[in-house]
Amino acid sequence: MKAKLEFKAVFHLLDLARCYNLAKSSSEGYPELTLSKKKDKDEIKFEWHGEYSSIEWIETLKKLDCTCKSDKFEFTLDSFTFYTIFNNLRYKTVELKELRNKITITYETQSIDIKKIPKRPESTLKVHDVYDVSLDTFKEAQEQHSKIPGKQGIVVFKDKHIISEDSRFRTAICVTTLKTDVYKKECTIEKKKIDTVFSITSEAFSVVSKLMKHGNKDLKVGFSKTLNGLNRVRFSSNNISIITATVSETRYGKLKTIISKATALSALSTATFEKRKLEEMLKLAQAPENDKVNLLISFSNMGNIKECTLKTDTDTFNSTIPVVSTCEFEFTVNAMFLAAIYREVKAPTEFKFDKKFPAVIIASGTEEFIIPCIYVNQHKYTIK
């Protein structure tokens, strides 16, 4: 039977239509979109299939504010075209009608035709559900990760930690510590034991977090292997399922040492600044600079534990602010990256230091951001 649908208000569709960009791949472009309805079911399934990821979303006719005059149907079309048209008709009543080789969209006195395309073969991928994770955990971790300036990083799921790292600029590492160790160390897939420590791109992590807000409270995490050996991880909740490729072992391997050190820091020395005052100083330090991206700023309370001197490497800014500290310190960081993270972190905020590892840990409640320090040439990292 051919599809015949009427959407009273198109904006109900837009959250789903935007998924075209989430399953996009660099080599294949925008994914295909398949809409289908089973007999005697008052719901529509939307499926996006890209090269490395796929999304499945089932929504009721009532929630879509849709009237369906077909008992069952299935058709496939270009997802970008679908989104572009409906995004421009968001407040209109639209009728969608399936013909032999096209979909006709009618609104008011106008109509638009979209060419149907063949649906790619069904995936034979076997996904094994391993454990459940609270959606609140994902939401919290994604909010923290979004504070890191760069967006080219990866997110690692390891033991009690969700670790976000911007591997392009190495601006910071964000560590979210879970209340319980919900991640199993290993699982068995097709009679083979695999390590459940895995990593995905920060973009995929953001997609999972955004879409899963439409699911229920629990999130199932499952694993699989493709024929060519590439690992896949599936996140599913209620009516939504996302399958995405894990980051290659080569890329993740380069971060293992950094991540191991980041989750095992012994930060016993601390310093606390008046948050608004330090934010003001960081803004003033950057104000006269043309090259703000590469500007470095040094912090030092050597000789006077209650007063910190801030100085840029261009010598255009030099100021002092009060500090409450358990140690004497001297360190240098990128001014722009520190400012970008610090203004997003909630007060009260504490700076922590590990004498053996050149990094500043900005901690606030359950949030921890690890910012690498510069310690070459005249720049020092000293904690006494």
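Every read-out reported here was derived from the displayed coordinates using simple, explicitly stated rules and does not represent laboratory data. Values in this document were obtained by computation on a predicted structure and should not be read as measured data. So basically every Cβ, Gly included, is an ideal-geometry build from the backbone, and we count neighbours across all protein chains shown.
Our estimate of slack between residue 63 and residue 102, defined as 0.36 nm per intervening residue step minus the Cα-Cα distance, is 11.5 nm.
Ranked for footprinting exposure by Cβ neighbours inside 10 Å, fewest first, 208, 133 give 133, 208. Of 59, 279, the sequence from fewest to most neighbouring Cβ atoms within 10 angstrom is 279, 59.
For residue 360, the amide hydrogen comes within under 5 Å of the amide hydrogens of 371, 373, counting only partners 5 or more places away or on other chains and with H modelled in the peptide plane. Each Lys or Arg adds one and each Asp or Glu takes one away; over the other residues whose Cβ falls under 12 Å from the Cβ of residue 95, this sums to +2. Look at where the Cα atoms of the range 332-364 and of the range 62-123 average out, and the two centres are 50 Å apart.
As a size descriptor, the averaged projected area of the C-alpha convex hull of the range 269-383 was calculated at 6.5 nm². Express the Stokes-Einstein translational diffusion coefficient of the range 4-115 in µm² s⁻¹, to the nearest whole number, given a Kirkwood radius over alpha-carbon pairs, 10 °C and a viscosity of 1.306 mPa s. For the chosen part, D equals 112 µm²/s. Annotation: the residues 218, 136, 354, sorted from fewest to most other C-beta atoms within 10 Å of their own C-beta, follow the order 136, 218, 354.
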